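Below is one structure, written out as structure tokens; the observations come after it.
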Number of protein chains: 2
Amino acid sequence: MARTNDRYKTAFNQMLDSLAAMPAGSELSSETILARQLGVSRTIVRAVLERLQKMRIISWRGRRKKLLKSPDASDRFPDDEVESVSVRLEEYFLEWVLRTDVAPDTRLNVSLLSRQFSCTPHALHEFLVRFSRFGIVERLKTGGWVLRGFTAEYAIELSEFREMIELTSVRKLVALATDHPVWAQLDELKRDHIALLEHIEVRYRDFSSLDDRLHTTINSVQDNRFTREFQSLISMIFHYHYQWNKRWERQRNTVAISEHLAYIDALQSRNWQAAQSAALAHLATARQTLLASTGAADTLVS
Amino acid sequence: MARTNDRYKTAFNQMLDSLAAMPAGSELSSETILARQLGVSRTIVRAVLERLQKMRIISWRGRRKKLLKSPDASDRFPDDEVESVSVRLEEYFLEWVLRTDVAPDTRLNVSLLSRQFSCTPHALHEFLVRFSRFGIVERLKTGGWVLRGFTAEYAIELSEFREMIELTSVRKLVALATDHPVWAQLDELKRDHIALLEHIEVRYRDFSSLDDRLHTTINSVQDNRFTREFQSLISMIFHYHYQWNKRWERQRNTVAISEHLAYIDALQSRNWQAAQSAALAHLATARQTLLASTGAADTLVS
DNA sequence: CAACTGTTTTTAATTATTTATATACATAGT
DNA sequence: ACTATGTATATAAATAATTAAAAACAGTTG
């Protein structure tokens, strides 16, 4: 009952990390400074210090705080205890939606689902409210929720909207002055793509975050909160998509890297026509991949 | 404590309305049918019937339900009791944001605000979560909320995004076959605009809903849930905007109607260039009006 | 026997309560 | 004096409890 102490546990583990980097016998900084370093309030810092003292990892009296011995892994809170409910729920829920064969437009039973996900009905409800902005679940006026599902229609509408936004970005991008920071970012992205391509056999899983970075960078030139909001939806969908759709993963990513490189080159040429074609080509591939992962369940996972 | 009985009260008032249209002595239909008519469960219908019986408006035994006398206004639940908390909150909150001079990026104090709005902190929290999709408030990772506010930047980004979407719709619309339902809807809208223009002196306030209808119709051709979602945000913003910014209201609406008529004509000509110009012209005006209502508070309200 | 009502059970939404965390203020130490 | 700590208070986020509403089931009646 009552709020969880995830923040305390996370802060404690973070504190252990920084203590591990210090030699035994060193003095710790003041509560206020530690609080700022950990990004939490002094209340939490004091609770952490109390626990550290009780565990005889530090000595603490007044403003003298000395490290007695380096902490080890067993002192930490286990990771699964630290993970907040809302993060767990996103994984559980999306896994449930994307991997199992729930029919579209199913009415959701909150109390039943919350038991399955081992959380309170309220926690699930909060999650659904936040999540409803993505259009995969919807709240009924009469009360209750329906799962609209990650259907082929959803993938198509998502892709169409995405293409509209990204082409707008591209049009704006190619007209930007050469001293705009985006050009440097593109240079860096190009280097990272080439580096990844060289070790594609072992590092092909790293493509996912590179894909995210490229599209986020391109859309950043719009400097528009609605674009950013939509891009974050795209990031989430593709994050889980890459995570679970392992079929032809290496080949797919190799092709995508080439498309990205062509895309970057076209942008750097600052030729609107060329950039548009390259953008459309890559976005079409992405759309196809996404679409293939909806529909039949057997196209999901290897 | 525990959930409100708004649904019951609303259903009761609705039932009174339908009883008022019936002659005394007539038999009511079955619980199941009444439930379907009112859009509620049988549980509510039975509660409503019980109250009606207690008030001697109907007699009820077993399956015989007879109307004894026509109900009058005093039998109803007062309207303000019926209005649900979430609806009230939207009004209160937007009025607070748009009319008072709250500085952008202010940290919101949920418990304080909830007292001002006379609701529980939790109800306000629920509202904020739902409302955050519009980008006017934002949840901090560390906890708590900030009001980003209805600033000039917000108005600009909103308008830019809107223009991108609506131009996409227009491009798709002018290419549609003549038997597509949108053409009939545009004909009807044109008639309604002309009718409104003839009585503009008295009916100028009706423009707001007409504006909403036109843009919703145009964007409906995309048949995309993300477009619909964004259009509903636009509708909300303009709804409150029209409601509170009364300066030059009649003149403004007269101009807008002409722009709408030109816009509709251009669409009906099915000429992409003409339609694009008309769209841009009207959207630019809308952007200016919206922008003028941000910034200085004295531009708000007469 | 089909439609309707009576009764019970399940699910949803809201408030109250509790614990965690943040912040403000007063006091002590260097 | 400044800065750190000790203490008190305010605010946030979670659960638990409570009531409304829906749905399921069983029994009745025309």
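The values are calculated or read from the model by the stated rules, or taken from the named source; none is laboratory data. Predicted model only: the values in this text are computed from it and were never measured. When we count neighbours, we look across all protein chains shown, and the Cβ atoms used for this are built from the backbone with ideal geometry, even at glycine. Each accessible area value is taken on the protein alone, full model and side chains, heavy atoms only, with ligands, DNA and RNA left out. Shrake-Rupley method; radii C 1.70, N 1.55, O 1.52, S 1.80 Å.
A few notes on this one:
- Within segment B:110-122, the set of residues being near DNA strand C (Cβ under 9 Å from one of its atoms) and surrounded by fewer than 16 Cβ atoms within 10 Å (Cβ to Cβ) comprises B:Thr120, B:Pro121, B:His122.
- Per-region count, segment B:156-195, residues open to solvent by 20 Å² or more (accessible area, probe 1.4 Å) and either away from chain A (no Cβ under 14 Å) or assigned to a loop (DSSP other than H, G, I, E, B) (or both): 17
- Residue satisfying condition, being facing chain B (nearest Cβ under 9 Å) and free of Cβ contacts under 8 Å to residues at least 12 places away in the same chain, within set A:Glu138, A:Glu153: A:Glu153
- Within the option set A:Ser220, A:Ser209, A:Ser235, being within 14 Å of chain B (Cβ to nearest Cβ), closer than 25 Å to A:Gly135 by Cβ and open to solvent by 10 Å² or more (accessible area, probe 1.4 Å) holds for one residue only, A:Ser220.
- Any chance A:Thr120 is within 14 Å of chain B (Cβ to nearest Cβ), of a type outside the set (Gly, Ala, Ser) and farther than 27 Å from B:Arg162 by Cα: yes
- Enumeration of residues in segment B:1-47 that are near DNA strand C (Cβ under 10 Å from one of its atoms), within 13 Å of chain A (Cβ to nearest Cβ) and open to solvent by less than 40 Å² (accessible area, probe 1.4 Å): B:Asp6, B:Ala35
- Condition met for B:Gly62 (within 16 Å of DNA strand D (Cβ to nearest atom) and within 14 Å of chain A (Cβ to nearest Cβ)): no
- Count of segment B:38-49 residues, restricted to those that are more than 15 Å from B:Asp6 (Cα to Cα) and either in contact with a helix residue (DSSP H, G or I) (Cβ under 6 Å, 6 or more places away or on another chain) or modelled with pLDDT under 95 (or both), is 1.
- When B:Leu113, B:Leu128, B:Leu140 are checked against the criterion of being in contact with a helix residue (DSSP H, G or I) (Cβ under 8 Å, 6 or more places away or on another chain) and within 25 Å of A:Phe230 (Cβ to Cβ), a single residue qualifies: B:Leu128.
- Taking first residues from segment B:39-50 that are more than 13 Å from B:Ser29 (Cα to Cα) and partners that are more than 8 Å from DNA strand D (Cβ to nearest atom), the Cβ contacts under 7 Å between residues at least 6 apart in sequence or on separate chains come to B:Val48/B:Phe12; B:Val48/B:Met15.
- Restricting segment B:55-67 to residues that are open to solvent by less than 100 Å² (accessible area, probe 1.4 Å) and more than 14 Å from B:Met15 (Cα to Cα), the residue that is farthest from DNA strand C (Cβ to nearest atom) is B:Ser59.
- Any hit, segment B:124-131, residues being more than 8 Å from chain A (Cβ to nearest Cβ) and under 30 Å from B:Val221 (Cα atoms): yes
- Matching residues in segment A:196-206 - criterion: being out of contact with any Ser or Thr (no Cβ under 9 Å at 6 or more places or on another chain) and surrounded by fewer than 18 Cβ atoms within 10 Å (Cβ to Cβ): A:Glu198, A:His199, A:Glu201, A:Val202, A:Arg203, A:Arg205, A:Asp206
- Residue match in segment A:99-109 (condition: more than 10 Å from DNA strand C (Cβ to nearest atom) and not in a loop (DSSP other than H, G, I, E, B)): yes
- Yes/no for A:Ile200 being more than 27 Å from B:Met164 (Cα to Cα) and touching a residue at least 60 places away in the same chain (Cβ under 8 Å): no
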